[in-house]
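Working notes, structure below.
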Amino acid sequence: MKAFVVEDGVAVPFDQADVDTDQILPARYLRRPRQGGYGQFLFRDVRFNDDDSERPDFILNQAPYRSASIMVADRNFGCGSSREHAPQALMRWGIRAVIGESFAEIFFGNCLALGIPCLGISHEQAIDLQAAIAR
């Protein structure tokens, strides 16, 4: 695990509520070795079309967010199953910190175990921060 001291990188405003771990990393990729590149499957079903072309309207497919290392999420991020593979996908894609209104408890713990801090902020702060990033 890379020690977390300061993260000075691009932030992405991810303004969707109730993002579950199966959206973050679809279940069909769980049998792959963790070193096998979970990052390439991050948000696979919403990031790509059926023909494997990128969906240009998905935020992580847009500049400058392709290189984001900080995610500003909405409420209840990481809900659903308790799989630790979802934080692995975030980490391997390059996300080093997640800021949001609230997190599923097990997801939160799995992120911390990987060295990805999750910082909780109020709903108003999340909206303001996402808007500032978008500007």
* Scan region 67-88 for residues that are modelled with pLDDT of 95 or more and over 19 Å from GLY120 (Cα atoms) and report the count. => 1
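Can you work out which of the residues in region 30-77 that are in a loop (DSSP other than H, G, I, E, B), in contact with a helix residue (DSSP H, G or I) (Cβ under 9 Å, 6 or more places away or on another chain) and among the aliphatic types (A, V, I, L, M) is surrounded by the fewest Cβ atoms within 10 Å (Cβ to Cβ)?
LEU30
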* Sole residue being over 13 Å from the mean Cα position of the chain (by Cα), free of Cβ contacts under 8 Å to residues at least 12 places away in the same chain and over 15 Å from GLN16 (Cα atoms), chosen from GLY109, GLY115 -> GLY109
* Structure fact -> GLY109 vs (1) open to solvent by less than 30 Å² (accessible area, probe 1.4 Å); (2) in a helix (DSSP H, G or I): all pass except (1)
* region 53-70, residues that are without any contact (Cβ under 8 Å) to a residue 12 or more places away in the chain and under 25 Å from SER81 (Cβ atoms) -> ARG55
* Asked: Somewhere in region 78-87, is a residue in contact (Cβ under 8 Å) with a residue 40 or more places away in the chain, in a loop (DSSP other than H, G, I, E, B), crowded, with 19+ Cβ neighbours inside 10 Å and on the phi > 0 side of the Ramachandran plot?
  -> yes
* Tell me, please, whether a residue that is modelled with pLDDT of 95 or more, in contact with a helix residue (DSSP H, G or I) (Cβ under 9 Å, 6 or more places away or on another chain), more than 15 Å from ASP8 (Cα to Cα) and β-branched (Val, Ile, Thr) can be found in region 109-121. => yes
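The values are calculated or read from the model by the stated rules, or taken from the named source; none is laboratory data. Note that the structure is a prediction, hence the values are computed from the model and not measured. We place every Cβ from the backbone using ideal geometry, glycine too, and count neighbours over all the protein chains shown. These area figures cover heavy atoms from the full protein model, side chains too; ligands, DNA and RNA do not enter into them. Shrake-Rupley method; radii C 1.70, N 1.55, O 1.52, S 1.80 Å.
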